[in-house]
Structure formats: C-alpha cells, structure tokens
Amino acid sequence: MNIVEKSYSLNGVLKKRIKTDTIFLHHASAKTCTPEQVDSWHKQRGWTCIGYHFLVRKDGTIYRGRPENVVGAHASNHNNTSIGICAEGNFEIEIMSEVQKRALIELVSYLRKKYNISKVLRHKDIGATDCPGKNYPFEEIVNGKTDNIKYEVHVQNIGWQTCRENGELAGTTGQGLRIEAIKIYADIPIKYRVHMEGKGWGEYVSNGCLAGTIGESRRIEAIEIESSSKPIKAQAHIENIGDQETIKGTHIKIGTEGQALRLEALRLEFI
C-alpha cells in the first residue's frame, strides 16, 4: 500500500494520542477535493490543520493528512483515541468507484492490524450528521474480503458492461463481438496486461486500471495476470475456438498470440 506523504503548515500545536482504539470513516461532502483544499477548509474553521489523518481520493490515491500519531479533528469527543479517514466525494448523491473502495478496504485493514482495532464507525454513529452518506459502502469497506475479484470489460458495439465478479461471465458468446479493454479489481495487489491487435503486449497496469484501448476498434487477443499471493482460476472464450481449458496459478495467461483471434468473454476467480 502506498501512502502519499504530505506536510501542512500549522495554526497551533498538535498533540500526540495516548492510545488508538477506533477508526472513524467520513466523506468530504464534496465531489472533488485535494488534501490542500481540505486543509484550507479546516483552517478556516480555526483548526490547526487538516482534521483527518488520511484522505482517499476517487482514483484510489491515499494521502497523508495529520501525522498518524496525533489527535485529529474529525469526531467530536472521540478525537483523542481515534484515526479519521475521509473519502473524496459526496456519498449522499454519488456511488463510490471500485478503485476508491479497494483503497479504503486496504487502508482500513492495514490500520486495524497495526493498532489492533476492532471498532470502525461512521461519523454519524456518534454525531448529528449524515456523514459519510447513505451510499457509502460501509459494510464492504469494514468487512472487505481478501478473496474477491471483480472485472469489467469494454465490448465492441456495447461499451462497458456492468462489473462481474468471482467467476461470472464477462463479455459475450455467440455474438462475434470483441473485448477491447478490461479493468480488474482485487482485494490483494495484482497486475495485468493485454495483447492487442496491431500493438502486441501492452505495459502492465495495477489493480483497477484500464488495459486495452477504447475507440480504436482493436481486439484484445490475450490477457496476462500476476497475483501477489492468491492463485487465480481463469477461462477465456475465443473466436473460432470457444471455451479454452481453465488455467490456474498466480501467473496466468489466457487467450491466444499470433492467431489474430479475438477474446470474446472470460471468467476470473480466486482459488
């Protein structure tokens, strides 16, 4: 997990926490915001600096807020023993992206293990507020699985399909339509790349990033995936071939190379 370190000027003095027993989850109630903007908003309230310990942006980037070991300013009457995590966005009206959700799952899991924390709460659990919003995926973030894999594909003439997970079929069969791009989301670090018509193998991308092309009418012919720990079971449906044999492992490759055959559908799951 990568945390982007930030430092902020102080309007006062920060005090170290004597213990850490709770994580509070918040949203920014703003569709877009940077750590610097949140810092500015909080200073306008008379606070020392940004009140949260972490800000997780919509692209999944985790930013440092206040130093992790100091008292925050995010949960009245509970700041002395808690860590505050804010998600960019307004989840009263927005739906959280998979990549932001994965980053929050990873961060919450990391902090729970580091401080032996059993209590994770929403801001509204202890205050008169709607924060972090009715659409905030609280249960998923707090109870994030370590064996879940999701994937979405961009299909010729269809565009992006809805996200599939854990062995569900993504793409199409019997329609002669190519998969042109893919995004894969997992609860553990993974990387993947695709073999594209006219381009060959692209660069590896990480969890939640786009591999392939959109608007270029190029078929994906093969996908290579590396998992950091859990083996993956995968099956591809290929033009003129149909379903390939199921492949298993922490480093797998599905599809074909050098045969000019489109990848039409696939299934992925951890085993």
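Just a few scattered comments:
- Candidates Leu210, Leu177, Leu266 - the one that is in the same structural domain as Gln156 (by TED's automatic domain parsing), over 26 Å from Gly60 (Cβ atoms) and either at pLDDT 95 or above or under 19 Å from the mean Cα position of the chain (by Cα) (or both): Leu177
- Subset of region 143-155 [in contact (Cβ under 8 Å) with a residue 60 or more places away in the chain and either surrounded by 18 or more Cβ atoms within 10 Å (Cβ to Cβ) or among the aliphatic types (A, V, I, L, M) (or both)]: Ile149, Tyr151, Val153, His154
- Each residue in region 88-121 was checked for being among the charged types (D, E, K, R) and more than 23 Å from Tyr185 (Cβ to Cβ), and 3 of them qualify.
- Scanning region 248-271 for residues that are buried (at least 16 other Cβ atoms within 10 Å of the Cβ), without any contact (Cβ under 8 Å) to a residue 40 or more places away in the chain and not in a loop (DSSP other than H, G, I, E, B) returns Ile252, Lys253, Ile254.
- From Ile184, Ile214, Ile188, Ile225, residue being among the aliphatic types (A, V, I, L, M), within 30 Å of Tyr110 (Cα to Cα), part of a loop (DSSP other than H, G, I, E, B) and in contact (Cβ under 8 Å) with a residue 40 or more places away in the chain: Ile188
- Residues that are among the basic types (Lys, Arg), part of a strand (DSSP E or B) and not assigned by TED's automatic domain parsing to the domain that holds Ser97 do occur in region 156-169, at least one of them.
- For region 142-155, the set of residues classified as modelled with pLDDT under 95 and over 17 Å from Ile190 (Cα atoms) consists of Val142, Asn143, listed by residue number.
The values are calculated or read from the model by the stated rules, or taken from the named source; none is laboratory data. Since the model is a prediction, treat every value here as computed from it, not as a measurement. Backbone-built Cβ (ideal geometry, glycine too); neighbour counts: all protein chains shown.
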